Amino acid sequence: MNILVKNTRITFETFGKGSAIVLLHGFLESSFMWKDIVPALSKKHKVVTIDLLGHGSSENHGYIHSMEDQAKIVKSVLNHLKLRKYVIVGHSMGGYIALAFAKLFPKNIKGICLLNSTALPDSKEKKTNRDRAIKAVKENYKTFIKVAVPMLFSDKNRILFKKDIQNCIKDALRMNPQGITAALEGMKIRENQTKLYVNSNYPIHMVISKEDPALDYKSLIHQTKNTKVTTSELPDGHMSYIENKTEVIKILSNFIKSC
């Protein structure tokens, strides 16, 4: 299904019936990433998947897609579906967007699950790496994707999940350079959202992977200290929905039940 938001086509799908669960994919991903998660969650819930700006079948909105821009797009879809309260699950960039959404629209949130994500903004080093990535995308975005995607898996899983990696690359290659760079620019300027960890009146759960090459394990643990945030730990990389699929489905199902 599609809707137009400010003359930009946004693609989304719904599955099942019941309380609403919103699944937000990460950078270089699309709603395709949830294909093995949706069947389990939609047995008891109405599941909404959305292709975010510049990803999947959704169009670009501009040259910078801020996390707030993305959150407002998500809100437009959920308003179109006449949904008022929901649990949001966000993988990586999808988690950044979930937190931006919660800051903008706190009354609509029943709970947030951050899947391999963080509330911290980019460090100076990370911003420099984003700029390098933008340069690489402009030089050859296909090569950038083919190099970047496998690096999100833990070392041993790059061979074990070779077929899944190829599928992820194929999905990412649907993007164009503008969509990729707009997301990188948006992530680079995102805000520190750790205050939500203390001030929210809804549950927040973090799924942390010990060998995540994209996020520092110690930083993820540290940011939850003296907060109401709960955590689950997995043994592998950034792509936990593939590398630890069974465990992720169980964690999500239990968290949703608690909201």
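The values are calculated or read from the model by the stated rules, or taken from the named source; none is laboratory data. Computed from a prediction, not measured in an experiment: that's the story for all the values here. Using ideal geometry, Cβ is built from the backbone for each residue, glycine included, and neighbour counts are taken over all protein chains shown. The protein model used for the area step is the full one, side chains on, heavy atoms only, and it has no ligands, DNA or RNA in it. Shrake-Rupley method; radii C 1.70, N 1.55, O 1.52, S 1.80 Å.
Taken across the stretch 216-225, residues that are of a type in the set (Ser, Thr, Tyr), within 23 Å of VAL147 (Cα to Cα) and open to solvent by 20 Å² or more (accessible area, probe 1.4 Å) do occur, with at least one present. Note on the stretch 12-58: residues that are in contact (Cβ under 8 Å) with a residue 40 or more places away in the chain, surrounded by fewer than 19 Cβ atoms within 10 Å (Cβ to Cβ) and in contact with a strand residue (DSSP E or B) (Cβ under 7 Å, 6 or more places away or on another chain) total 3.
Candidates in the stretch 59-70 are the residues that are under 15 Å from the mean Cα position of the chain (by Cα) and surrounded by fewer than 23 Cβ atoms within 10 Å (Cβ to Cβ); of these, the one that is nearest to ASP171 (Cα to Cα) is ASP69. Of the residues ILE208, ILE180, ILE189, ILE204, which single one is touching a helix residue (DSSP H, G or I) at 6+ places or on another chain (Cβ under 9 Å) and within 25 Å of SER19 (Cα to Cα)? Just one listed residue meets the conditions, ILE204. Regarding the stretch 172-181, can at least one residue be identified that is in contact with a strand residue (DSSP E or B) (Cβ under 8 Å, 6 or more places away or on another chain) and either within 22 Å of LYS35 (Cβ to Cβ) or buried (at least 20 other Cβ atoms within 10 Å of the Cβ) (or both)? So far as the stretch 172-181 goes, no, none of its residues is in contact with a strand residue (DSSP E or B) (Cβ under 8 Å, 6 or more places away or on another chain) and either within 22 Å of LYS35 (Cβ to Cβ) or buried (at least 20 other Cβ atoms within 10 Å of the Cβ) (or both). Of all residues in the stretch 175-194, none that is in contact (Cβ under 8 Å) with a residue 24 or more places away in the chain and on the phi > 0 side of the Ramachandran plot has its Cβ atom under 9 Å from the Cβ atom of a residue that is open to solvent by 40 Å² or more (accessible area, probe 1.4 Å) and not hydroxyl-bearing (Ser, Thr, Tyr), 6 or more apart or on another chain. Within the bounds of the stretch 161-175, is there any residue that is closer than 15 Å to GLN193 by Cβ, of a type in the set (D, E, K, R) and under 18 Å from the mean Cα position of the chain (by Cα)? No, the stretch 161-175 contains no residue that is closer than 15 Å to GLN193 by Cβ, of a type in the set (D, E, K, R) and under 18 Å from the mean Cα position of the chain (by Cα).
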